[in-house]
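Everything on this sheet refers to the single structure shown next.
The values are calculated or read from the model by the stated rules, or taken from the named source; none is laboratory data. All values reported here derive from a predicted model rather than from experimental measurement. Backbone-built Cβ (ideal geometry, glycine too); neighbour counts: all protein chains shown. Accessible surface is based on the protein model in full, side chains and every heavy atom, while ligands, DNA and RNA are left aside. Shrake-Rupley method; radii C 1.70, N 1.55, O 1.52, S 1.80 Å.
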Amino acid sequence: MSIPTLIFRTLRWSAWDGCEAGLEHVDIRPADGGLDISGVVIAQEDGTQFGLSYRLKLDALWHMRDVLVKTTSGHVLHLESDGHGHWRENGKDQPALQGCIDIDIQATPITNTLPVRRLDLETGESMEIRLCYITVPDLTVFAASQRYTALEAGSLYRFESLEDGFTVDLPVDQDGFVLDYPGLFKRLG
């Protein structure tokens with residue numbers, strides 16, 4: 001999968017159980033030589049309903065540079081990265097996040113695309129990554145380890161959470177965006 005970031009897309013997912021359980025709208029646009037990804041999620045986690053918005057800024061190599069996540073209840077998380085694993089959270093250095101390149105926002109499949117694109121794995125190739133995991137709706141962030149394996153480069157990837165053993169195979173479109181996340185999200189349209 002090529003690395004270019006000249007992508008204009010609008011995507012929508014529903015929760016696996018339908019729109020009444022959750023819905024997401026995402027806009028992807030080129031900006032400053034990289035990408036600007038903005039999304040809105042309405043969903044529930046462990047019976048708690050929430051709404052959140054996020055804005056992700058990536059450089060031309062799909063490295064995360066800026067993350068802003070806000071909930072409708074007032075929680076705000078702002079992460080900044082130099083793209084090489086050094087992070088600041090709400091303006092303060094975060095040594096516990098050092099070495100993380102990607103992020104994973106619990107409530108959206110959009111963040112699975114980031115390592116898929118950045119790693120550019122060949123079929124059969126696998127890579128373990130360390131990333132910033134963001135829980136919702138409380139917006140807690142911590143370092144986590146995950147593994148991505150290209151089952152069919154450009155179309156199917158295995159995602160593994162090395163923290164809890166969760167594994168799922170993710171089909172992606174021609175730009176690497178998740179089509180369906182079995183049991184959690186499905187693409188609309």
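Structural remarks
- For Asp66: the one exception among (1) in contact with an Asp or Glu (Cβ under 7 Å, 6 or more places away or on another chain); (2) touching a residue at least 40 places away in the same chain (Cβ under 8 Å): (2)
- Any pair with Cβ under 9 angstrom, 6 or more apart, that starts in region 94-106 at a residue that is in contact (Cβ under 8 Å) with a residue 24 or more places away in the chain and more than 24 Å from Phe50 (Cα to Cα) and ends at one that is among the acidic types (Asp, Glu) and not in a loop (DSSP other than H, G, I, E, B): Leu97/Glu89
- Here the strands (runs of 3 or more DSSP E) wholly within region 123-189 that include at least 3 residues being more than 13 Å from Asn112 (Cα to Cα) and not aromatic (Phe, Trp, Tyr) are 126-134, 141-152.
- Residue pairs meeting the criteria (Cβ under 8 Å; at least 6 apart or on separate chains; first within 19 Å of Val172 (Cβ to Cβ) and modelled with pLDDT under 95, in region 115-141; second among the small types (Gly, Ala, Ser) and part of a helix (DSSP H, G or I)): none
- Apart from one condition, Trp62 fits all of (1) open to solvent by less than 50 Å² (accessible area, probe 1.4 Å); (2) assigned to a strand (DSSP E or B); (3) not small (Gly, Ala, Ser); the exception is (2).
- Of residues in region 156-186 being open to solvent by 40 Å² or more (accessible area, probe 1.4 Å) and small (Gly, Ala, Ser), the one farthest from the chain's Cα centre (by Cα): Gly165
- Within region 14-25, residues that are open to solvent by less than 10 Å² (accessible area, probe 1.4 Å) have Cβ atoms under 6 Å from residues that are of a type in the set (Val, Ile, Thr) in these pairs: Glu24/Val41; Glu24/Thr108, counting only partners at least 6 apart in sequence or on another chain.
- Matching entry among Leu79, Leu68 (being in a strand (DSSP E or B), open to solvent by 50 Å² or more (accessible area, probe 1.4 Å), within 14 Å of Asp104 (Cα to Cα) and modelled with pLDDT of 95 or more): Leu68
- Reported count of residues in region 87-105, each being open to solvent by 10 Å² or more (accessible area, probe 1.4 Å), under 16 Å from the mean Cα position of the chain (by Cα) and within 11 Å of Ile134 (Cβ to Cβ), is 1.
Yes/no matrix, rows are residues, columns are (1) outside any strand (DSSP E or B); (2) among the polar types (S, T, N, Q); (3) open to solvent by less than 60 Å² (accessible area, probe 1.4 Å); (4) under 22 Å from Leu188 (Cβ atoms):
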{"residue": "Arg29", "(1), (2), (3), (4)": "no, no, no, yes"}
{"residue": "Ser38", "(1), (2), (3), (4)": "no, yes, yes, yes"}
{"residue": "Ser53", "(1), (2), (3), (4)": "no, yes, yes, yes"}
{"residue": "Gly85", "(1), (2), (3), (4)": "yes, no, yes, no"}
{"residue": "Ala107", "(1), (2), (3), (4)": "yes, no, yes, yes"}
